[in-house]
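A.B. asks: The structure follows.
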Amino acid sequence: MQKIRVRFAPSPTGSLHIGGVRTALYNYLLAKKLGGTFIVRIEDTDQARFVPGAEEYIFNSLRWLGLEEDESPLKGGPFAPYRQSERMAVYSEHVDLLLKKGLAYYAFDSTEDLESARAAHPDGSWQYNAATRHEMRNSLSMSGTELETLLADGTPYVVRLKVPKNEEIRFHDVVRSWVMVHSSTLEDKVLLKSDGMPTYHLANVVDDHLMEISHVIRGEEWLPSAPTHVLLYRAFGWEETMPQFAHLPLLLKPVGDGKLSKRDGEALGFPVFPLSWMDESRNVEIPGFREKGYLPEALLNFLAFLGWNPGTEQELFGMDELVQAFSLDRIGKSGTRFDIQKANWFNHQYLQQKSDDWFKDGIENVLGLPVPAETLSKWVALVKERCTFPYEIYEMISNLTHFNGEVDQNLLKEKWHADASAGLGVFLSCIDSVASWTAAEIKLAFTAAVEGAGFKSGKLLLPLRIAITGKGAGPDLMLFMELVGRDECAIRLRNALERFPNLI
RNA sequence: GGUCCGUUCGUCUAGGGGUUAGGACACGUCCCUUUCACGGAUGAAACACGGGUUCGAUUCCCGUACGGACUACCA
C-alpha cells in the first residue's frame, strides 16, 4: 500500500491566517489517522512578499496547537531542504527537462506588452495561450537564431507551460469528485520567473512529486489552478503517481459577502490569527486566539468542525478522538461562515474541564499569596462555570477582592432600600459571633440575625451583596464571604453603612 | 466578462426518492438560583426558484437565481 505523506505548505508572507491553520489541521489529522507523515514545507519563492519572522511565527503557531510535523526545515528529513528558496537547482533542472521536451517555452514579453494585450480586451478575456502565443515574443513565435541571440544577450525571460490546444482535462478531487476543464480555457502559466525563481505551480508540483506526497489537501482557492498542475504532472511523466487532491471549502465572513479576512477580525472584535502578530505597516500588535484566551484544544475542535463533521452528534473531540474520527470523505463542499460564538462555546466547554490546579498560578497571582488546595478549589468553584476564558476568572476574582467601596449610584438608588442600613447593621453587630466562618454558617447566621430583628432576609440579600462586592449581580455571595474572610466582610459592611444613605 | 465550485433553520451541519427533516451555536420562554451566570426543560426557526424523471422529490437530471474562488513573472 502507498505511504501516506501530506504536507502543509505556507508562504512566509505574513501571519498565518486561521484558514491556513485549519488546512494544517486537516493535513495533520489525515497523516495521524493513517499512520502517515506530516510535512511542513516553506514556500518562499516570492522575494517581494517575504516577511522576516513569518516562518518562525508559523512554527510557533503549530507548536502552540500541538500540530507537530515529522519533516520540515526545522526538523529536517529525507527530502531536505524543505524551504523552496533552497531548492533552486532542483527547479531549474526540471524546467530544462520541460524545455527539452518542448512542453514549455521561453517568453520575453515585457510587463507592458502583457498589459497592453490584456487591455485590448476590456472584458478580461485575453489569455496567454494556444490562441495568442504566436502573437507574443516567445521561443515559439521566433526563429531559432533570434532566440539564441536573445538568450546570449542575457535578455530577461520567463518560462511558460505550453498548454495543449484541445484537450479535456479531467481529474478527481476527494471532496468534489470529478472536475472537468477544457485546456483552451487555461493559460500558459509562467513556470519560471525572470528572477530565476519558480512560481507556485512549478515548485509545488515538483516538490510534491519529489517528496512523494500522497495527498494534496489545500484551500479551494487552488481548485482553478489544479488542472494546470495536472498538466504539469503529465508533462513530467508523473501522472501515474500524481497525489490525490482534496480542496477544502473556504472560510467566509461571519456577515456579508466574501471570504474571511484579517479586517473582519478587527472590525468584529475576534481574532483571525493563532498568535499575536505585529503588523509592521501600522505598527500595531494584533492579538491572536492565544492572547484572547482561547485554549488550543478548543480552537482545534472548533476548526475541525468548520467544514468537517463526524456524522454523529458528538461535538467535543480531543485531538486523539479527532484523529480517530477524521476522514476526507466527510469534508463538506460549501463555504463555511466563521462564527466566533461557536468558538466561544467550545472554549467554555474546555475551560470547564480544566482541573483546579490549572488555575493555581493565576489565582495566586491575583490574590498575591499562596493558596492551599482546598481554598483554591473553592475559588475555582466560585467563578469557573460562569467564565469562557481563563482571564475572566482572574479578572472576576480580582474585581471581587479589590473592591474599593465605589458603587454605581443608580444601583444604590434602586436597591439600597429603607431597611438596608438597619438590617445590615444588625448583622454587622453580631458578625463576630458567627460560629464558624463558612458559607453555610454565614447564611444561617445572617438569616437568624436579620429575621430576629424583624426583617425579611431575602430582601436584604441584594443590599448585602452591594455592601460586600459593590455589584448588583455576581457569583455566590456566601461562598465569596467565606473566602474573603470575616474581617474583610466586617470592614466592607461597616464601610457601606457609613457611606451609603441611611434611609431610616 | 470568462472558467470552475457551491446552495438544508440566522450560523455550523446530519440526512437522503416516501422522515413529525435530527443535532449544536445564537435567540425566546419556563425551571433552578431570593442576584447574575452555569445547568435543565421547552419554543420559534431550513430543504433558493422553475422545469423534468418518478406512483412519489428536499434527495436524481437540466436550467435560472444567488453566493464563492480563480482569472499576476502572489501564493
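Any read-out appearing in this document is the output of simple, stated calculations on the displayed coordinates, not a laboratory observation. Keep in mind that what you see is a predicted model, and the values were worked out from it rather than measured. So basically every Cβ, Gly included, is an ideal-geometry build from the backbone, and we count neighbours across all protein chains shown.
A.B. asks: What percentages, rounded to whole numbers, describe P(r) for chain A computed over all alpha carbon pairs with 20 Å bin width beginning at zero?
C.D. replies: Spelled out bin by bin, chain A gives 18, 38, 23, 14, 6, 0 percent.
A.B. asks: Measuring from label point to label point, each 7 Å out along Cα→Cβ, what is the A:S261 to A:E374 span in nm?
C.D. replies: Between A:S261 and A:E374, the label points sit 5.9 nm apart.
A.B. asks: While we're here: Could you work out the relative contact order of region A:358-499? I mean the mean sequence separation of Cα pairs under 8 Å and 6+ apart, divided by the number of residues, in percent.
C.D. replies: Numbers: 121 pairs, mean separation 40.3, N = 142.
28 percent.
A.B. asks: So if R0 is 30 Å, what FRET efficiency would A:E68 and A:R170 give, r being the distance between their Cβ atoms, rounded to the nearest 0.05?
C.D. replies: On the way: r = 37 Å, r/R0 = 1.23.
That pair, A:E68 with A:R170, gives E of 0.20.
A.B. asks: Describe numerically, in nm with one decimal, the distance between label points set 7 Å from Cα along Cα→Cβ at A:L210 and at A:S276.
C.D. replies: About 3.9 nm separates the two model spin labels.
A.B. asks: Same structure again: Where both residues lie in region A:87-248, what percent of DSSP beta bridges are antiparallel, nearest 5? It would help to have the intermediate numbers written out before the result.
C.D. replies: Numbers: 14 of 20 bridges.
In region A:87-248, DSSP labels about 70 percent of beta bridges as antiparallel.
A.B. asks: Given 0.36 nm per residue, what is the gain on full extension from A:M142 to A:K471 after removing their alpha carbon distance, in nm? Walk me through the numbers before you get to the answer.
C.D. replies: On the way: separation 329, 0.36 × 329 = 118.44 nm, distance 8.33 nm.
Answer, rounded to one decimal: 110.1 nm.
A.B. asks: Kindly write out, for region A:91-107 in residue order, the coupling ³J(HN,Hα) from the Karplus curve 6.51 cos²θ - 1.76 cosθ + 1.60 (θ = phi - 60°), rounded to whole Hz, with x marking Gly and Pro.
C.D. replies: 3J(HN,Hα) across region A:91-107, in whole Hz: 5, 5, 4, 6, 5, 4, 4, 5, 4, 5, 6, x, 9, 9, 8, 7, 9.
A.B. asks: To continue, here is another question. Check which residues have an amide H placed less than 5 Å from A:S11's amide H, if you skip close sequence neighbours.
C.D. replies: Long-range HN contacts for A:S11: A:E43.
A.B. asks: Let me ask something additional. Can you give the relative contact order of region A:87-248 as a percent, counting alpha carbon pairs under 8 Å and 6+ residues apart?
C.D. replies: Details: 218 pairs, mean separation 39.4, N = 162.
Worked out over region A:87-248, it gives 24 percent.
A.B. asks: A follow-up question, please. Helix A:200-210 against the longest principal axis of chain A: what's the angle in degrees, Cα atoms only, rounded to the nearest 10?
C.D. replies: 90
A.B. asks: Calculate, for A:N309 and A:Q244, the FRET efficiency according to 1/(1 + (r/R0)^6) with r their C-beta to C-beta distance and R0 22 Å; round to the nearest 0.05.
C.D. replies: On the way: r = 21 Å, r/R0 = 0.95.
With a Förster radius of 22 Å, E is 0.55.
A.B. asks: Using a cut-off of 12 Å between beta-carbons, work out the net charge of the residues near A:L382 (Lys and Arg +1, Asp and Glu -1, A:L382 not included). Intermediate values should be presented prior to the final figure.
C.D. replies: Values: positive: A:K378, A:K384, A:R386; negative: A:D356, A:E385, A:D476, A:E482.
Spelling it out: positives minus negatives among the neighbours equals -1.
A.B. asks: While we're looking at this one, here's another question. Evaluate the distance, in nm, between pseudo-label points positioned 7 Å from the Cα of A:E221 and of A:E321 along their respective Cα→Cβ axes.
C.D. replies: Once both label points are built, they end up 3.3 nm from each other.
A.B. asks: Just to confirm my numbers, what's the Cα centroid distance between region A:429-498 and region A:268-321 in Å?
C.D. replies: If you average the Cα positions of each part, the centres end up 42 Å apart.
A.B. asks: Let me ask another. Could you work out the relative contact order of chain A? I mean the mean sequence separation of Cα pairs under 8 Å and 6+ apart, divided by the number of residues, in percent. Please report the intermediate quantities before stating the final value.
C.D. replies: Details: 714 pairs, mean separation 59.0, N = 504.
This gives 12 percent for chain A.
A.B. asks: Whole-Å semi-axes of region A:324-366's equivalent ellipsoid, largest first, each the root of 5 times a Cα gyration tensor eigenvalue?
C.D. replies: Details: eigenvalues 231, 44, 10 Å².
Semi-axes, largest first: 34, 15, 7 Å.
A.B. asks: In addition: Hey, got the dipole for chain A? About the Cα centre, +1 on K and R Cβ, -1 on D and E Cβ, debye to the nearest 20? Mind showing how you got there, number by number?
C.D. replies: Details: 53 positive and 68 negative charges, 205 e Å.
It works out to roughly 980 debye.
A.B. asks: Return the sequence-ordered ³J(HN,Hα) values of region A:263-280 in whole Hz as given by the Karplus equation 6.51 cos²θ - 1.76 cosθ + 1.60 applied to θ = phi - 60°, using x for Gly and Pro.
C.D. replies: 4, 4, x, 5, 5, 9, x, 9, x, 10, 10, x, 10, 5, 9, 7, 8, 4
A.B. asks: Show me the trypsin sites (Lys or Arg not before Pro) within region A:441-504 that DSSP assigns to loop and that have at most 13 other Cβ atoms within 10 Å of their Cβ.
C.D. replies: Details: sites: A:K443, A:K456, A:K459, A:R465, A:K471, A:R486, A:R492, A:R494, A:R499; in loops: A:K456, A:K471.
Passing sites in region A:441-504 are A:K456.
A.B. asks: Another question, if that's okay. Using alpha carbons only, how many degrees (0 to 90, rounded to 10) separate the axis of helix A:54-65 from the longest principal axis of chain A?
C.D. replies: So the inclination is approximately 50 degrees.
A.B. asks: Another question, then. Take every Cα-Cα distance within region A:58-101, group them into 10 Å bins from 0 onward, and report for each bin the whole-number percent of pairs it holds.
C.D. replies: Binned Cα distances yield the sequence 24, 34, 25, 13, 3.
A.B. asks: Hey, what angle do you get for helix A:439-452 against the long axis of chain A, alpha-carbon based, 0 to 90 degrees rounded to 10?
C.D. replies: 40
A.B. asks: Separate question: For A:K262, give me every one of the lysines with a C-alpha distance below 18 angstrom, ignoring sequence neighbours fewer than eight places off in its own chain.
C.D. replies: Cross-link targets: A:K253, A:K292.
A.B. asks: Under 5 Å between amide H atoms, partner at least 5 residues away or on a different chain: which partners does A:L192 have, H built in plane at 1.01 Å?
C.D. replies: A:V159, A:T199
A.B. asks: With unit charges on the beta carbon (Lys/Arg positive, Asp/Glu negative), name the residue among A:A422, A:G472, A:M396 whose Cα is farthest towards the positive pole of the charge dipole of region A:358-499.
C.D. replies: Most positive-ward Cα: A:A422.
A.B. asks: May I ask you to list the GluC sites (Glu not before Pro) in region A:368-475 that are in a DSSP loop and have at most 13 other Cβ atoms within 10 Å of their Cβ?
C.D. replies: Numbers: sites: A:E374, A:E385, A:E392, A:E395, A:E406, A:E414, A:E441, A:E451; in loops: A:E406.
Listed in order of number, the matching sites are A:E406.
A.B. asks: While we're here: Of all trypsin sites (Lys or Arg not before Pro) in region A:31-125, which ones are in loop regions per DSSP and have a Cβ with at most 12 other Cβ atoms within 10 Å?
C.D. replies: Numbers: sites: A:K32, A:K33, A:R41, A:R49, A:R63, A:K75, A:R83, A:R87, A:K100, A:K101, A:R118; in loops: A:R41, A:R49, A:K75, A:R87.
Within region A:31-125, the qualifying trypsin sites (Lys or Arg not before Pro) (loop, at most 12 other Cβ atoms within 10 Å) are A:R49.
A.B. asks: Now, a different point. Nothing charged except the Cβ atoms of Lys and Arg (+1) and of Asp and Glu (-1): what's the magnitude of the dipole of region A:385-455 about its Cα centre? Round to the nearest 20 debye. Let's see the in-between values first.
C.D. replies: On the way: 4 positive and 10 negative charges, 23 e Å.
That gives a dipole near 120 debye.
A.B. asks: Within region A:302-320, whose backbone N sits under 18 Å from a point 7 Å along Cα→Cβ of A:L268?
C.D. replies: Label zone hits: A:302-308.
A.B. asks: Per residue of region A:26-43, what does 6.51 cos²θ - 1.76 cosθ + 1.60 with θ = phi - 60° give for ³J(HN,Hα)? Whole Hz please, x for Gly and Pro, Karplus curve as stated.
C.D. replies: 4, 4, 4, 4, 5, 4, 5, 4, 9, x, x, 10, 9, 10, 10, 10, 9, 9
A.B. asks: How about A:K162: which lysines have a C-alpha closer than 17 Å to its C-alpha, ignoring those fewer than 8 places off in the same chain?
C.D. replies: Answer for A:K162, where 17 Å is the Cα cut-off: A:K100, A:K101, A:K189, A:K193, listed by chain and number.
A.B. asks: Add +1 for every Lys or Arg and -1 for every Asp or Glu among the other residues with Cβ under 13 Å from the Cβ of A:L412, and state the total.
C.D. replies: Details: positive: A:K413, A:K415, A:R465, A:K471, A:R499; negative: A:E406, A:D408, A:E414.
Around A:L412, the surrounding residues sum to +2.
A.B. asks: Towards the positive end of the charge dipole of region A:87-248, with charges on Cβ (+1 Lys, Arg; -1 Asp, Glu), say which of A:H209, A:H94, A:Q127 has the farthest Cα.
C.D. replies: A:H209
A.B. asks: If you don't mind, another one. Please give the calculated 222 nm ellipticity per residue for chain A, where each DSSP H segment of at least 4 residues contributes -39500 (n - 2.57) and the sum is spread over every residue; nearest 500 deg cm²/dmol? Mind showing how you got there, number by number?
C.D. replies: Working: 20 runs with 217 residues, N = 504.
The per-residue figure over chain A is -13000 deg cm²/dmol.
A.B. asks: State the Kirkwood hydrodynamic radius of region A:87-248 in Å, one decimal place, computed from all pairs of distinct Cα atoms.
C.D. replies: 16.7
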